[in-house]
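What follows is one structure encoded as structure tokens, with my remarks underneath.
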Amino acid sequence: MTDHDPAQRNPSGSAAQRFRLANILEVVAGAVLFLLMAVMVADVIGRYLFSAPIPGAFEVIEILMCTVIFAAIPVATAHGEHIIVDLLDPVLPRRLTAALKVVATLLIAAVFMTLVWLLWELGQRTARSGWVTDTLRIPLAPVAYFAALMSGIAALLALRPLWLRSKLRD
């Protein structure tokens, strides 16, 4: 089996139980993406047909883009859909390949945890400074905190395969 095989990624239980959080985030990302599309279409129609663009549409679109991207990262992580380059897997010994997968998993989690730290710091700085968008005055700190939270969830989900392997051995 390869990493792309759902049976190997999900060794026990139903997919709905295993990825309940990922399923919720899929719905959130989809709804935000739909809202993003609706705002863009309404803004374009207002701008070109009625010479009346939506005030602050650019700001709303920026925030929605950040939301959809960071809501989708844990989903991709939960489903093991990050880019994988396995050119050497067929020629390397199985133990080395397994060890490299563990190292890659730990590296992915470390990168996400670094993002958590940096985004949380950004959120704190933004909250202290009172930064808001120019037109609509939307506070920016919650956006940074949301991105940090989603990165943290992605970090935990990245470590999930290691935890499952250790549980299966017990």
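The values are calculated or read from the model by the stated rules, or taken from the named source; none is laboratory data. Here the structure is a predicted model, which means the values were calculated and not measured. When we count neighbours, we look across all protein chains shown, and the Cβ atoms used for this are built from the backbone with ideal geometry, even at glycine.
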**OP:** Please state which of the following conditions Ala22 fails to meet, knowing it meets all the rest: (1) at pLDDT 80 or above; (2) surrounded by fewer than 17 Cβ atoms within 10 Å (Cβ to Cβ).
**Re:** (2)
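Any idea how many residues of the range 52-85 are hydroxyl-bearing (Ser, Thr, Tyr) and in contact with a Leu (Cβ under 7 Å, 6 or more places away or on another chain)? Give the steps one after another, and end with the answer.
Restricting attention to the range 52-85, the residues satisfying the condition of being hydroxyl-bearing (Ser, Thr, Tyr) are 67, 77.
Next cut, in contact with a Leu (Cβ under 7 Å, 6 or more places away or on another chain) only: 77.
Final tally of qualifying residues: 1.
What residue, among those in the range 39-56 that are loosely packed, with under 13 Cβ neighbours inside 10 Å and within 32 Å of the chain's Cα centre (by Cα), is nearest to Val68 (Cα to Cα)?
Among those residues, the one meeting the criterion is Val41.
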**OP:** For the range 134-145, state whether one or more residues are surrounded by 16 or more Cβ atoms within 10 Å (Cβ to Cβ), touching a residue at least 40 places away in the same chain (Cβ under 8 Å) and assigned to a helix (DSSP H, G or I).
**Re:** yes
Original post:
Regarding Leu115, is this residue modelled with pLDDT under 95 and closer than 28 Å to Asn23 by Cβ?
Top reply: no
**OP:** Please find, within the range 117-133, the residue that is surrounded by the fewest Cβ atoms within 10 Å (Cβ to Cβ) out of those that are touching a Leu at 6+ places or on another chain (Cβ under 8 Å) and in contact (Cβ under 8 Å) with a residue 12 or more places away in the chain.
**Re:** Thr133
Original post:
Looking only at residues in the range 98-133 that are among the polar types (S, T, N, Q) and part of a helix (DSSP H, G or I), which one is nearest to the chain's Cα centre (by Cα)?
Top reply: Thr114
